[in-house]
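Everything on this sheet refers to the single structure shown next.
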Amino acid sequence: MSNLNSQFNVEAGIPPNGYSALQGEIPQLSTESPILTEGKIAKITVEAGGHLHGVFTALTSAKVQAVDFAMNLPDYPYLIIQGADQSDAVMSGKLVALRLKTGVIFKAATLVAFTIGDLVRANAGALAAITAGVTNIPAPGVDVSNAEQAIGVVLEYNATTGYVTIAS
C-alpha cells in the first residue's frame, strides 16, 4: 500500500532495449538501522546465514568497486519504491525496488542543495553530491581507489519544496 504522506515519485522509467527496471521483492538486511524507506538508495548484499539471493542494505557509493569473483556482489544501486515502513512490505517482509542506471527518472525529498547537472551518489542510502575534486569516471590506467560511483544526474532542484529530480 502506498504511503499517503510520501515525498517521493517515480517520474519515468525508460530502460534501454525494453528491459524492465523493476527488481523483484527482496528482504531487508535483518540488522538494517534505520529501516529502508521509499526514496532511499540501496544495494544487494549477502546476509550471513540469511536469504540465499541476497538482501537490501543502504548504499554508500563513495568508492567505485571492481567486480570480483570471490562471491562478492557489486554495489549496483537500487531505488526503494516500497519501503519497510509500508504495510505491504511489513506483511510480506520484502521491499520493492527499481534498479537504477537503467533510464529511471525519479523525484525525492532532500535536505542537500543541488545544482542542475550535478552528479549524484548515495550516502548511507540518501542522495548526496559527488565530492568536489573526486574523479567520477577515471581514465584507463588511473587508480580508481579515489573514484566515486555516480548513480544519476540532477535534472531539477527546488529549494523551496526540498525536491530533487534525478535521471539515473
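Structure above, values below:
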read-out: Nonlocal amide H pairs with GLY152, under 5 Å, H built at 1.01 Å; value: VAL120
read-out: Built amide H within the under 5 Å cut-off of GLU47, gap 5+; value: GLY54, VAL55
read-out: Under Karplus coefficients 6.51, -1.76 and 1.60, residue-wise ³J(HN,Hα) of the range 90-103 in Hz, glycine/proline x; value: 5, 5, 8, x, 9, 9, 10, 9, 9, 6, 7, 6, 10, x
read-out: Built amide H within the under 5 Å cut-off of VAL104, gap 5+; value: ILE14, SER168
read-out: Counted charge near ALA150, where neighbours are those whose Cβ lies closer than 11 Å (Asp, Glu -1; Lys, Arg +1); value: 0
read-out: Local electrostatic count at SER92 - Lys and Arg +1, Asp and Glu -1, tallied over other residues with Cβ under 14 Å; value: -2
read-out: Spin-label model distance (nm) - VAL90 vs ALA109, 7 Å beyond Cα toward Cβ; value: 1.8 nm
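Coordinate-derived values only; no laboratory data. It should be emphasised that the depicted structure is a prediction, and the values quoted were computed from it without experimental measurement. Neighbour counts are summed over all protein chains in view; Cβ atoms, including those assigned to glycine, are modelled from backbone coordinates with ideal geometry.
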